[in-house]
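A quick write-up on the structure given underneath.
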Amino acid sequence: MTNRAPLIVAIVLLVLPPLLYVGSYLALVKPQGDIVWRKSRPFYCHYRVGSERVVPNLFWPLEQLDRKLRPTEWIGPAGKDD
């Protein structure tokens with residue numbers, strides 16, 4: 001009988017990072033958004049925490065997919081400075 005532990009560890013290491021990425025996105029995203037004033041102008045903030053550039057840039061690919069899958073949930077433009 002062969003030892004399958006290396007195979008199981010390899011599978012976990014390949015599957016875990018994408019699951020954590022998607023899970024983090026789902027935990028932080030707020031599609032309805034909040035209006036936040038920055039530099040004397042309003043924009044929609046769609047994340048619970050994070051700066052106005054780092055988190056949106058980090059989750060940009062998932063946000064684009066989410067906007068296509070759930071368009072009625074999203075409020076505000078899809079640009080970088082919503």
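The values are calculated or read from the model by the stated rules, or taken from the named source; none is laboratory data. Since the model is a prediction, treat every value here as computed from it, not as a measurement. Glycine gets a Cβ as well: all are built from the backbone with ideal geometry, and neighbour counts include every protein chain shown. Heavy atoms of the whole protein, side chains included, go into the accessibility calculation; ligands, DNA and RNA do not. Shrake-Rupley method; radii C 1.70, N 1.55, O 1.52, S 1.80 Å.
Any chance you could give the angle, 0 to 90 degrees and rounded to 10, that helix 60-69 forms with the longest Cα principal axis of the chain? Result, in degrees: 80. With every protein chain in place and a 1.4 angstrom probe, the accessible-area ranking of Leu62, Leu20, largest first, reads Leu20, Leu62.
Summary: within the chain, the longest segment free of trypsin sites (Lys or Arg not before Pro) located in DSSP loops with at most 12 other C-beta atoms within 10 Å is 5-38.
Helix 5-28 sits at what angle to the longest principal axis of the chain, using alpha carbons and giving 0 to 90 degrees rounded to 10? So the helix axis and the longest Cα principal axis differ by about 10 degrees. With N the number of residues in the chain, Rg(Cα) / (2.2 N^0.38 Å) evaluates to 1.49. Rounded to the nearest 500, the 222 nm mean residue ellipticity of the chain from helices alone is -15000 deg cm²/dmol, with -39,500 (n - 2.57) taken per DSSP H run of at least 4 residues.
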